[in-house]
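Here you go, one structure.
The values are calculated or read from the model by the stated rules, or taken from the named source; none is laboratory data. Bear in mind the structure is a predicted one, so any value in this text is a computation, not a measurement. Heads up, the Cβs are rebuilt from the backbone with ideal geometry, glycines too, and the neighbour counts pull from every protein chain shown. Accessible surface areas use protein heavy atoms only, side chains included; no ligands, DNA or RNA. Shrake-Rupley method; radii C 1.70, N 1.55, O 1.52, S 1.80 Å.
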Amino acid sequence: MLLIYRQSAAEALPIWALPLAAIAGAALTALIIYRLSYRKGRKTSMYTLILNGVSLAAGIHALEIVLIVRLDSTKFHQVNAWIIGSIFGNSWNHVAALLPVVLGLGLFLWFRHRDLDILNLSDETAIGLGLELNRSCFLYLMIGVILAACCVAVGGSIAFIGLICPHIARRLVGVRHSRVLPASALLGALLLCTADWVSRVIIAPDEMLVGTIVALIGAPYFMYLFLKKPV
């Protein structure tokens, strides 16, 4: 059934329609959050960004529920599968559509790995090394938003991959972004493929949504990180 839903959605829209719409919506949301958090002459606080992001996400989620309950049963199952996260029914056409964006922005981040390393330092040190904090934070925030929006448009909200894979990568290769970025990408791909395989065999011949398996793997590890190193 899920394959039928994904095929009907693919036939109704061009393959780039969802990623472009996702980028537009995510960029608008990120701009609103950044504008609410921005203070002239001061570095944008990560805590302020998070709090404003959580508040706006709650409002968007409420609007999302209002829209979902008005759908018919077929569209409801389709949207619900996307919210949980699934790559079942996707094809190499989706890979080809996302590859230029993911590869291009990924290489850009890798070539700018020194800026990302500097952002891990204190504000005074980063300024002393000539980095414009607010401009750099905004640039990399928007790049992250575009990458996440494109992937979510195709695979749904498989959130824990982006939360836990960078932490695992830092434990394996250190904190330098020249190593963390490719390691995170490889670990994310490995986790997603493993979770997809598990989702296909755990209740075969039926299939679980891959987002559920990733959450079952990711949530305990994320709780372990909080217990290991409280915020």
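What dipole magnitude, in Debye to the nearest 20, does the chain give about its Cα centre under +1 on Lys/Arg Cβ and -1 on Asp/Glu Cβ?
Working: 18 positive and 11 negative charges, 153 e Å.
Charge dipole, the chain, about its Cα centre: 740 debye, nearest 20.
Run the simple label-point estimate for residue 63 and residue 141 please: 7 Å along Cα→C-beta, distance reported in nm.
The modelled label-to-label distance comes out at 1.9 nm.
Pulled fully out, how much extra length does the chain show between residue 71 and residue 178, if you take 0.36 nm times their separation in residues and subtract their Cα-Cα distance? Write down the numbers at each step before the final one.
Values: separation 107, 0.36 × 107 = 38.52 nm, distance 4.53 nm.
This chain segment gains 34.0 nm when fully extended.
Next question, about the same structure. Rolling a 1.4 angstrom probe over the protein heavy atoms, how many square angstrom per residue are accessible across the chain?
Working: 14650 Å² over 231 residues.
Heavy-atom accessible area per residue stands at 63 Å².
P(r) of segment 68-210 in 10 Å steps, Cα pairs, percent per bin?
Going from the shortest bin to the longest, the percentages are 10, 32, 32, 16, 8, 1.
Let me ask another. Pull out the extension gain between residue 113 and residue 221, defined as 0.36 nm times the separation in residues minus the alpha carbon to alpha carbon distance; nm, one decimal. Show your work: numbers first, answer last.
On the way: separation 108, 0.36 × 108 = 38.88 nm, distance 2.65 nm.
Length gained, residue 113 through residue 221: 36.2 nm.
Taking all protein chains as present, what is the carbon and sulfur share of the accessible area of the chain, in % to the nearest whole number, probe 1.4 Å?
Numbers: 10240 of 14650 Å².
Using a 1.4 Å probe with all protein chains present, the chain comes out at 70 percent carbon and sulfur.
Quickly rank 208-214, 194-200 as a protection proxy: mean count of other C-beta atoms within 10 Å, highest first. Kindly include the intermediate steps, with their values, before the conclusion.
Details: 208-214: 22.7, 194-200: 18.1.
Going from most to least packed, we get 208-214, 194-200.
Classify segment 121-193 as rounded, prolate or oblate, taking a ≥ b ≥ c as the square roots of the eigenvalues of its Cα gyration tensor: rounded when a/c is under 1.5, otherwise prolate if a/b is larger than b/c and oblate if not.
Numbers: a/c = 3.17, a/b = 1.49, b/c = 2.13.
Cα axes put segment 121-193 in the oblate bin.
Ordered by residue, what ³J(HN,Hα) values in Hz, to whole numbers, does segment 172-187 give under the Karplus form 6.51 cos²θ - 1.76 cosθ + 1.60, where θ = phi - 60° and Gly and Pro are x?
In residue order, the calculated couplings are 8, 10, x, 9, 5, 5, 4, 9, 5, 4, x, 5, 5, 5, 5, 5 Hz.
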